[in-house]
Amino acid sequence: MNPRLPFLQEKTAALTTSPGVYIMKDRQGKILYIGKAKNLRNRVTSYFRDHPDHTVKTAKMVSQVYDYDFIVTASEYEALVLECSLIKQHQPPYNILLKDDKGYHYIRISKGAFPRITAEVNTDAPGEYLGPYMSGFATKQTVNTVNRMFQLPTCGKPFPESFGKHRPCLNYHIGQCMGVCRGKISAGVYSEAVADAVRFIRNGGDKTIPLLEQRMEEAAEQLNFEEAARLRDRIRAIRKAGEHQDILDAVRVDTDVIGIASSGVLTCITVLIYRDGRLYDQSGFCISADALSDSPLDDFLPQYYSSKSGRDIPKTILTETAPSEPELLTDLLVKRADHPVSLEQPQKGLRRRLVQMAKQNALEKLSMRSGKTTGKDLLAVEELGRVLGLPKPPMRIEAYDISNLSSAAMVAGMVVFESGKPLKSAYRRFSIKELSLQNDYASMQEVIRRRLQEYQQAMDEPSETVRAVNAFAVLPDLILLDGGKGHVAAIQPILEEFGLPIPLYGMVKDQKHRTRAVATNGGEIALRDKQAAFALLTRIQDEVHRFAITYMKTKHSKNAYSLTLTKVKGIGEKKARKLLLAYKTRAQLKAASVEELAKTAAVSPETAAELHRLIAELPDDGSPS
């Protein structure tokens with residue numbers, strides 16, 4: 001058994017469920033195996049179970065795994081292509097052992113006057129072959145795409161023997177086949193279409209379209225309008241397919257895409273390396289935030305590329321934000337690379353998606369260093385901080401809500417979200433003590449003032465151990481109030497009074513009690529177009545409301561129960577409250593003997609006996625006392 005299994009299991013528990021590629025390594029860092037997965041966590045978990053049902057070869061590979069790396073991709077198809085690229089580059093020993101039975105995949109162009117383009121697993125039949133390819137899925141998808149795009153037949157009819165003997169099939173009527181079976185397409189026209197399809201497979205649309213446009217113009221000049229129309233339709237088909245191609249095809253020149261994620265303590269940077277129009281590899285770095293300036297790119301880019309040879313520096317570098325001195329940095333890279341280098345920040349389109357994918361990889365690396373927090377949680381925190389204009393992501397958020405039943409049972413709830421997840425050990429409840437009548441603004445002022453006073457007291461505590469377990473000893477990066485700009489205006493002076501510049505916002509609900517926006521002193525900030533931040537804000541608002549209203553109901557129930565106990569002569573509010581503190585639940589109170597009740601409430605045996613009869617008659621609904 002692998003002695004690293006507990007470590008690998010713990011690491012995998014925090015792995016993302018996104019598609020991607022995983023890279024198994026031995027103690028020396030040598031790559032043992034590269035695989036792809038639709039769901040990285042599920043797939044990698046299957047290797048490190050306590051009682052796995054592995055083949056002998058897989059078990060041997062797992063026994064040698066010391067650690068693994070991963071690359072998150074935008075789709076399973078991209079994971080397949082990346083897997084192929086990495087295997088070809090590194091040639092891991094267990095990929096050869098474990099994939100021998102699957103073999104390689106090829107694209108075949110058969111011989112004859114009317115050749116077909118098909119996906120094959122060997123090269124036994126005569127014809128021209130493209131490949132080999134590692135992915136059968138990608139090979140078949142490519143063949144299906146080009147046959148549909150260039151209207152090539154996929155039926156089993158032999159040509160020209162079957163000309164005119166059958167009606168054209170459905171593919172012809174829906175425009176996915178040129179209808180060779182009708183006998184009206186010459187061998188020359190057909191061969192030209194096949195040649196265009198092969199050219200597209202080899203070179204892609206960018207190099208194919210100009211040639212087709214040139215031929216279309218020549219056909220039009222020669223008044224061969226039928227041929228010109230056919231070429232026009234072919235160009236449209238290629239362009240339409242290009243609109244739906246995967247993010248893999250967003251890069252036409254050698255490009256590095258850099259994503260950065262920071263928790264305030266640690267910063268993780270991912271570099272996605274695109275070569276020859278395909279995601280080729282990735283590099284990842286996690287650096288203490290203290291070692292970086294306010295602009296991590298200023299520190300990272302010069303150091304990263306100073307270790308590269310000129311030919312390894314790409315022509316394009318994509319980042320989410322610009323470094324502080326982009327012209328100076330570009331000049332440095334150009335001199336080292338000896339070719340033009342463009343440092344860009346795309347704002348939309350596929351290249352923007354590339355930057356987001358790099359950032360997602362960085363977030364996943366960061367989340368694995370942050371325990372159970374996921375990259376999705378960190379992305380939401382970062383997006384919320386960006387929308388609110390905060391100097392750093394609000395890794396610790398406190399949210400407050402007031403709950404009451406008229407002027408009775410007035411309470412507040414405080415919930416804490418750390419790294420985008422609820423930190424329930426830090427939740428706190430407040431009973432409103434200074435007010436006798438309902439007033440949400442004054443109640444919130446009392447709660448926030450008491451919370452900040454608790455912070456001051458915690459800071460005066462000489463014991464670091466005591467401070468470490470006190471939730472009030474840590475100030476939040478952001479305070480959220482369940483309410484609008486009126487609540488913000490009421491609380492802002494209190495923060496200023498304590499000299500604490502904590503960002504403060506209100507959580508605004510619509511008429512259906514759903515999160516609508518974030519309130520400031522000056523107005524509102526809409527979040528509905530920021531899905532991750534909006535979802536996080538909604539979770540926080542729902543959680544603080546649930547926590548506050550649960551406490552209010554509990555306290556109201558206790559108050560009502562306390563009033564019931566005071567019906568016994570000799571039991572006042574103080575003695576009733578004393579009983580409820582001693583016996584936390586109604587069941588515990590009912591189980592108490594007459595002697596125990598007399599001792600706890602400090603009353604006579606006669607009063608205790610009457611109290612015991614009253615408690616026994618109350619319904620046993622299991623609710624808290």
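Just so you know, all these numbers are worked out from the coordinates, no wet-lab data involved. Computed from a predicted structure; not experimentally measured. Note: ideal-geometry Cβ built from the backbone for every residue, glycine included; neighbour counts use all protein chains shown.
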For each pair in Lys392/Lys485; Lys509/Lys590; Lys25/Lys424; Lys57/Lys376; Lys36/Lys335, compute the distance between the two Cα atoms and list the pairs where it is over 32 Å.
Lys509/Lys590; Lys25/Lys424; Lys57/Lys376; Lys36/Lys335
Between (1) 1.11; (2) 1.40; (3) 1.35, the structure-derived Cα Rg over 2.2 N^0.38 Å is (3)
Which values of log₁₀ I(q)/I(0), to two decimal places, follow from the Debye formula for region 5-99 at q = 0.10, 0.15, 0.22 Å⁻¹ with a uniform point scatterer at every Cα?
-0.23, -0.53, -1.20
For region 141-248, shape from the Cα gyration tensor axes a ≥ b ≥ c, cut at a/c of 1.5 then a/b versus b/c, turns out oblate
In what order do Thr564, Thr316, Thr73, Thr139 fall by count of nearby beta-carbon atoms within 10 Å, going from fewest to most?
Thr564, Thr316, Thr139, Thr73
Going Cα to Cα from Lys553, which lysines come in below 16 Å? Please leave out same-chain ones fewer than 8 positions away.
Lys584
Sort largest first and round to whole Å: the equivalent ellipsoid semi-axes of region 566-617, each the square root of five times a Cα gyration tensor eigenvalue.
14, 12, 10
To the nearest 20 debye, the chain has a Cα-centred charge dipole, built from +1 on Lys and Arg Cβ and -1 on Asp and Glu Cβ, of 1860
Compute the angle between helix 573-582 and the longest alpha-carbon principal axis of the chain, please, reported from 0 to 90 degrees and rounded to the nearest 10.
50
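Roughly what % of DSSP beta bridges within the chain run antiparallel, to the nearest 5?
Approximately 80 percent, going by the DSSP bridge assignments.
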Among Phe534, Phe285, what is the fewest-to-most ranking by other Cβ atoms within 10 Å?
Phe285, Phe534
How big is the charge dipole of region 1-99 about its Cα centre, in debye rounded to the nearest 20, if each Lys and Arg gets +1 on its Cβ and each Asp and Glu gets -1 on its Cβ?
220
Given the rule -39500 (n - 2.57) for each run of at least 4 DSSP H residues, summed and divided by the residues of the chain, what is its mean residue ellipticity at 222 nm, to the nearest 500 deg cm²/dmol?
-14500 deg cm²/dmol
From the Cα gyration tensor of region 320-443, with a ≥ b ≥ c the square roots of its eigenvalues, which class applies: rounded if a/c is under 1.5, or else prolate if a/b is larger than b/c, or else oblate?
prolate
Using only the alpha-carbon atoms, how far is helix 326-337 inclined from the longest principal axis of the chain? Give it as 0 to 90 degrees, nearest 10.
40
Residues Lys165, Lys36, Lys421, sorted so that the one with the fewest Cβ neighbours within 10 Å comes first:
Lys165, Lys421, Lys36
Averaging sequence separations of C-alpha pairs under 8 Å and six or more residues apart, then dividing by the length of the chain, give the relative contact order as a whole percent.
8
Phi angles of region 165-176, converted by Karplus (6.51 cos²θ - 1.76 cosθ + 1.60, θ = phi - 60°) into ³J(HN,Hα) in whole Hz with x for Gly and Pro, give 8, 9, 6, x, 7, 4, 4, 5, 6, 9, x, 9
Over all alpha-carbon pairs of region 251-372, lay out the pair-distance distribution in 5 Å bins, whole %, shortest bin first.
2, 11, 22, 25, 21, 13, 5, 1, 0
May I ask you to list the aspartates and glutamates whose Cα is less than 15 Å away from that of Lys599, ignoring any residue fewer than eight positions away on the same chain?
Glu610
For helix 605-617, report the angle its Cα long axis makes with the longest principal axis of the Cα atoms of the chain; keep it between 0 and 90° and round to the nearest 10°.
30
Determine ³J(HN,Hα), in whole Hz, for all residues of region 117-122 in sequence, where each value follows from phi through the Karplus function 6.51 cos²θ - 1.76 cosθ + 1.60 and θ = phi - 60°; x replaces Gly and Pro.
10, 9, 8, 9, 10, 8
What number, in percent, do you get for the relative contact order of region 251-372 if the mean sequence gap of Cα pairs under 8 Å and at least 6 apart is divided by its residue count?
33
